[in-house]
Amino acid sequence: MESLCIIIPKKDGEKTRQKLIELGAIDKNLKIKPDGENLLIPIIRQVEGYDIGKEDFEILIKDESVVDALGFTPACEIVGDIAIIDQYESDAQQIADVMIRNKKIKTVVQAASAVTGEYRIREFTFLAGEKKTETLYRENGCRYLLDISRVYFTPRLATERMRIADQVKDGDRIVDMFAGVGPFSVLIAKKFPGAQVIAIDKNPDAIKYLRENVRLNKLKNVEIREGDAREEIKGISNADHVIMNLPHSGLEFLEGAFGAIKKGGVIHFYAIAHEDELFEGLLKEIEERARHANVHVILLNNRIVRPYAPYQYNICIDFQVT
Ligand code: SAM
């Protein structure tokens, strides 16, 4: 959500945050975020003597007992029984010591890197509790076993996954080109036992957990393929939906998706886009690639899924292929 914020060099971040708490000006429900060499701290009213801006911020997870004990809402996400404190949260150890008192939290870590590399994974530093990275997470009635240090996963896409599942009909054929541990595939397969889901991923660890999650959720309608989506999608045809959740490089894989989708089928394409040009440039690029593949695309829907970084958004374009 959009909020006024203070723009401050990172080195002054903690001092300023404390000052803003004293002044009662910090917005405790929004997540502080980095912007190059600066930090953007959301505020609820103007404060003199600082550079002020306006930005989109992520809403924070609320845990009243943690908030009461700390006096502020920590920037973190909870995956199963593991609390992951944001990479840029400066009071991480203090937060961890409070969070670990919650009986549902067994481990507290802090992200020590951004999500990087082909497999989209990140590093963590242990702060409190059991030294483990594997957990069982529940979402939309499904169960997922996963290792936060070996596979990509975020609970922040739960609503988006349900939005896609709601567009499927029983009997549909779905290709999930970048399936990870299966949060799209498992949800769809469970909701529609008559659907046929083909789930692809290149990360062997993601495939290991995907297999486990198919078993955990007692699914008989998921075919798992390990390897590069460009190769694994060859030979697949007549898909009603193709899900392309590889936001930094999805365009490179469009040709394969055009080959697999049936006439009238829908591709759900994720990307990271700058706020100045959220959809237009990307749509042109998709149309251009469609022309090369001798197909035609019709835009059904475009939407912001969530803020990703300063001025950047995770977006989704749903388009029909004819
Ligand atoms: N859809 C899952 C989710 O929502 O949690 C995972 C999305 S994650 C952003 C992208 C996934 O694509 C990762 O699991 C990564 O291993 C996989 N990946 C990256 N490059 C790939 C490729 N060339 N072929 C198949 N999978 C790939």
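A few points about this structure:
- Spacing of the two label points (7 Å from each Cα toward its C-beta) at residue 45 and residue 131, in nm: 4.8 nm
- Spin-label model, residue 298/residue 21: points 7 Å from Cα along the beta carbon direction are separated by 5.5 nm.
- Filtered trypsin sites (Lys or Arg not before Pro), the range 74-151: DSSP coil and at most 12 other beta carbons within 10 Å: 101, 103, 104, 131
- For the range 115-176, the Kirkwood estimate of the hydrodynamic radius, built from every pair of different alpha carbons, is 14.1 Å.
- For the chain, the mean residue ellipticity at 222 nm estimated from helices alone is -7000 deg cm²/dmol, where every DSSP H run of n ≥ 4 contributes -39500 (n - 2.57) and the total is divided by all residues, rounded to the nearest 500.
- Trypsin sites (Lys or Arg not before Pro) within the range 239-322: DSSP coil, no more than 10 neighbouring Cβ in 10 Å: none
- With R₀ set to 35 Å, the beta-carbon distance separating residue 116 from residue 220 gives a calculated FRET efficiency near 0.50.
- One chain, two ends: residue 306 and residue 103. Fully extended at 0.36 nm per residue, the span grows by 70.1 nm beyond their Cα-Cα distance.
- Seen from all directions on average, the range 1-85 presents a Cα convex hull projection of 5.9 nm².
- All aspartates and glutamates inside 16 Å of residue 11 as judged from Cα atoms, apart from same-chain residues fewer than 8 positions distant: 35, 37, 51, 89, 91
- Amide N of the range 99-141 lying under 20 Å from the label point, which is placed 7 angstrom from the Cα of residue 64 along Cα→Cβ: 99-105
- Residue-by-residue Karplus 3J(HN,Hα) for the range 101-116, coefficients 6.51, -1.76, 1.60, Hz, glycine and proline x: 6, 6, 4, 7, 9, 9, 9, 10, 10, 10, 4, 10, 8, 7, 6, 9
- Residues of type aspartates and glutamates that residue 234 reaches as a straight line, Cα spacing below 12 Å, ignoring anything fewer than 8 places off in the same chain: 255
- Taken about its Cα centre, the range 189-248 carries a charge dipole of roughly 300 debye when the Cβ of each Lys and Arg holds +1 and the Cβ of each Asp and Glu holds -1.
- Helix 204-216 vs. the chain, principal-axis angle (Cα, 0 to 90°, nearest 10): 80 degrees
- Long-range HN-HN contacts of residue 127 with modeled amide H, under 5 Å: 108, 109, 110
- Using a cutoff of 8 angstrom between alpha carbon atoms and counting only pairs six or more residues apart, the relative contact order for the range 80-227 works out to 17 percent.
- Restricting the range 230-322 to chymotrypsin sites (Phe, Trp or Tyr not before Pro) that sit in a DSSP loop and have at most 14 other Cβ atoms within 10 Å of their own Cβ leaves 311.
- Stokes-Einstein diffusion coefficient of the chain, Kirkwood radius over Cα pairs, 4 °C, 1.567 mPa s, in µm²/s: 61 µm²/s
- Heavy-atom accessible area per residue - the range 126-186, 1.4 Å, Å²: 39 Å²
- Pairs beyond 23 Å (Cα-Cα), from 191/218; 10/131; 54/284: 10/131; 54/284
- Volume of the convex hull of the range 240-322 (Cα atoms only), normalised per residue: 74 Å³.
- Of all segments of the chain bounded by GluC sites (Glu not before Pro) found in a DSSP loop with no more than 11 other C-beta atoms within 10 Å, the longest spans 119-322.
- In the elastic network of the chain, a GNM with C-alpha springs shorter than 10 Å, the most mobile of 221, 294, 140 is 294.
- Note on the chain: antiparallel DSSP beta bridges, both residues inside, total approximately 70 percent of the bridges counted.
- Share of carbon and sulfur in the accessible area of the chain stands at 48%, probe radius 1.4 Å.
The values are calculated or read from the model by the stated rules, or taken from the named source; none is laboratory data. All values reported here derive from a predicted model rather than from experimental measurement. No Cβ is skipped: glycine too gets one built from the backbone with ideal geometry, and neighbour counts run over all protein chains shown. Side chains are part of the model used for accessible areas, which takes the heavy atoms of the whole protein and leaves out ligands, DNA and RNA. Shrake-Rupley method; radii C 1.70, N 1.55, O 1.52, S 1.80 Å.
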